[in-house]
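Below you will find the structure I want to go over with you.
The values are calculated or read from the model by the stated rules, or taken from the named source; none is laboratory data. Since the structure is predicted, the reported quantities are computational estimates derived from the model, not experimental observations. Quick reminder, even Gly has a Cβ in these numbers, built from the backbone with ideal geometry, and neighbours come from all protein chains shown.
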Amino acid sequence: MADTLARFTSLVVSACATILLLAIVVFIARESWPVWSSFGLKIITGTDWSPLASPPQLGLGTMVLSTLWVALGAMFIAAPLGFSGAVFLAEFAPAWLAGVIRPVLNILTGIPSVVYGFVGATVLVKWFEVSFDMASGESLFCASLVLTVMVLPYIVTTSEAAIRSIPAEYRQAALALGASRPYVALRVLLPLAKKGLLGALILGFGRAAGETMAVLMLAGNTLHLPTSWFSKGEPLSALIALELGTSEAGSPHYQALFAAGLVLLIILFIINLVLTVIRKDYGRVVRKN
């Protein structure tokens, strides 16, 4: 009876979550449909954003590129650090040290993003201004550094759980063959935990791409096409947060901001889909072998 109730509850919760997600996507798509029907894919490929002009220019290409620079840049830094931290906690850290680090990671996940943004604006931005003689230290790189700190706890905790879930027999067999503990961790455990590590990347990328306040305070919020990681830019989430409150409901500007939200969802969906397919393919290879 208890098992049946648990399965039914899980089914209901999963169905409600799926319906809620579909409702959000349908609502955003409906609100943005007029500009999609008028401008088509020019919304994504265009780089001119002047929603109040006549006729309005609604190109989101600059913001899309800024989003990719910030999110992928954060993952580029956070992934190796997070995997290294997970291996250290799971295999090498003394019990007392791991008992200190894990609560700290949990605390970091609960800090509001505006606090991260405030610290980045008062410390990192000032440091870039002084150290590199810049007129303004805001940049996509600065935003990526703060996002790295924000996503690291998710990557470390998820990756550590994946590594710890590997049966102890694999460790014991490798050590019995004379392999060193670092070799076992890098060449045995990490490949076996690949599915869990990819899951950590999915979670981290979603957190980085959807973050608003930190990138709003650190990316520079300029509409120039970013040519490098150290350029200023305005990611999609920052654009929506800045302009939605001042847009007139039902106007092309308002509809284009909903289109920006839909594009952000599509980017997250594509990245997550690619990583999920890689996880499934790797799982089939492991089962065959």
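Could you please tell me which pairs satisfy a Cβ distance under 7 Å, a separation of 6+ or placement on different chains, a first residue in the range 52-65 that is more than 22 Å from residue 265 (Cβ to Cβ), and a second residue that is among the hydroxyl-bearing types (Ser, Thr, Tyr)?
Pairs found: 56/50; 57/50.
Which helices (runs of 4 or more DSSP H) sit wholly inside the range 105-176 and have at least 1 residues that are within 19 Å of residue 196 (Cα to Cα)?
140-164, 168-176
Identify all residues within the range 239-271 that are aromatic (Phe, Trp, Tyr) and modelled with pLDDT under 90; write none if there are none.
Selection gives 269 alone.
Could you check, for the range 151-168, whether at least one of its residues is closer than 18 Å to residue 232 by Cβ and either out of contact with any Lys or Arg (no Cβ under 8 Å at 6 or more places or on another chain) or at pLDDT 85 or above (or both)?
no
Answer with yes or no whether residue 19 is under 15 Å from residue 258 (Cβ atoms), part of a helix (DSSP H, G or I) and either β-branched (Val, Ile, Thr) or within 16 Å of the chain's Cα centre (by Cα) (or both).
Against the criterion (under 15 Å from residue 258 (Cβ atoms), part of a helix (DSSP H, G or I) and either β-branched (Val, Ile, Thr) or within 16 Å of the chain's Cα centre (by Cα) (or both)), residue 19 does not qualify.
Inspect the range 187-199 for any residue being modelled with pLDDT of 85 or more, farther than 30 Å from residue 171 by Cα and in a helix (DSSP H, G or I) and give the result as yes or no.
no
From the list 201, 216, pick out the single residue that is closer than 17 Å to residue 77 by Cα and surrounded by 17 or more Cβ atoms within 10 Å (Cβ to Cβ).
The conditions single out 201.
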